[in-house]
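> Sharing a structure here in structure tokens format.
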Amino acid sequence: MSDKLKKKTLFDNKLKLKYNNIDKNEMIDFDVIENFCNILKDNKCFKGVLDISYNNLNEINLFNIMCSVYENKNIIGLNIKNNKITKMIFNKILLILEKNYLKYLNIQNTYINTQEIKNIIFTALNKNITSLKLPHLNIENFQFLIHNLKENNSINKLYFFISYNNQGYKNCIVQDENVINNYEDYINNVKDLFKELLTVIEKKTNIQCVKCDADCNDKELNEIISFINSTCKKHKNNLEKVQVINDNKIQINSFEKMKLLISDING
């Protein structure tokens, strides 16, 4: 992959860093990553998504890659799924988002905390991100996500999962009456938030795809999620119709200009 970048023969819109190591605990050599980063930083032929998901990258290697992404405005998407994001890496990701080049970001399963998820949501939704895949959310950062979506007009695709385990009840005994009441309150809160999300999405025609779910089996919640999917599909269909109309207008205008040009030539 590094050779293709160096020779400027990589013309795909997705660059996947894949280490074919037999032992998953084996670390990628520092020299390999350093060479890749040096080439990537100054490369101008590749424009697209950098996918470094499911790599056993240590903090230094991952930081070096993030520095290269920061330097290269042609990288418009970043998939970091299943890599451990430390504080140093997290701060670099925020700086990358601030540069406003990224359109796509996947940070699922990256071990970041509630406040860090909030920071990602706030920064991403205040920039030009069009597709965002988030780690598991709890009630707190789900509320935060909905609030920030209200002022956003760029996001097209959103992926998230609400986890009851993130609420702090994971080790409780199910038979405990307090736990049962807490769980029922949790489900009601989740349903209320999904209803609020549906209301927001109905007003946001830019949102065309929301892949969402929660780790609770509730008929009403499933119906709300179904309504969300239907609303997104409606937005997508309407935007496609508008695009067809605009394309037809361009073709008609071009045809009219050609007729006028022929008329002028013929005198």
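Nothing in this text is a laboratory measurement; each read-out follows from the coordinates by a stated rule. Note that the coordinates shown come from a computational prediction; the quantities given were computed from them, not determined experimentally. Glycine gets a Cβ as well: all are built from the backbone with ideal geometry, and neighbour counts include every protein chain shown.
> Near the amide H of Ala214, under 5 Å away, which other amide H atoms are found, from residues 5 or more places off or on another chain, if H is placed in the peptide plane?
Ile162
> Determine ³J(HN,Hα), in whole Hz, for all residues of the range 182-192 in sequence, where each value follows from phi through the Karplus function 6.51 cos²θ - 1.76 cosθ + 1.60 and θ = phi - 60°; x replaces Gly and Pro.
4, 5, 5, 4, 4, 4, 4, 5, 4, 4, 4
> If you don't mind, there's one more thing I want to ask. When the chain is fully extended, how far beyond the present Cα-Cα distance does Asn182 get from Glu220, taking 0.36 nm per residue of separation? It would help to have the intermediate numbers written out before the result.
Working: separation 38, 0.36 × 38 = 13.68 nm, distance 1.83 nm.
In short, 11.8 nm is gained.
> Let me ask something additional. Which whole-Hz couplings ³J(HN,Hα) result when phi for each residue of the range 72-82 is put into the Karplus expression 6.51 cos²θ - 1.76 cosθ + 1.60, θ = phi - 60°, listed in order with x for Gly and Pro?
10, 6, 7, 7, 9, x, 9, 10, 10, 3, 6
> Next question, about the same structure. When the Cα centres of the range 226-241 and the range 29-103 are compared, how far apart do they sit, in Å?
33 Å
> Would you please give the FRET efficiency between Val244 and Asn128, computed as 1/(1 + (r/R0)^6) with r the Cβ-Cβ distance and R0 = 22 Å, to the nearest 0.05? Don't skip to the answer; put the middle values down first.
Working: r = 25 Å, r/R0 = 1.13.
That pair, Val244 with Asn128, gives E of 0.30.
> Another one. In sequence order, what are the phi-derived ³J(HN,Hα) couplings for the range 50-64 according to the Karplus relation 6.51 cos²θ - 1.76 cosθ + 1.60 with θ = phi - 60°, rounded to whole Hz, with x for glycine and proline?
9, 10, 10, 5, 6, 10, 7, 8, 7, 4, 5, 4, 5, 5, 4
> Check which residues have an amide H placed less than 5 Å from Leu78's amide H, if you skip close sequence neighbours.
The list, which skips near neighbours in sequence, is Leu50, Tyr104, Leu105, Asn106.
> So which of Lys16/Lys92; Lys14/Lys236; Lys157/Lys211; Lys81/Lys234 end up more than 18 Å apart by C-alpha? Spell out each step's value before the answer.
On the way: Lys16/Lys92 20 Å; Lys14/Lys236 24 Å; Lys157/Lys211 8 Å; Lys81/Lys234 30 Å.
Where the Cα-Cα span goes over 18 Å, the pairs concerned are Lys16/Lys92; Lys14/Lys236; Lys81/Lys234.
> Non-local amide H neighbours of Lys16 (under 5 Å, H modeled in plane, Pro and chain starts lacking H): which ones?
When sequence neighbours closer than 5 places are left aside, the close amide H contacts are Asp51.
> Here is a further query. Using 7 Å Cα-to-Cβ label points, what is the Lys99/Lys233 separation (nm, one decimal)?
3.9 nm
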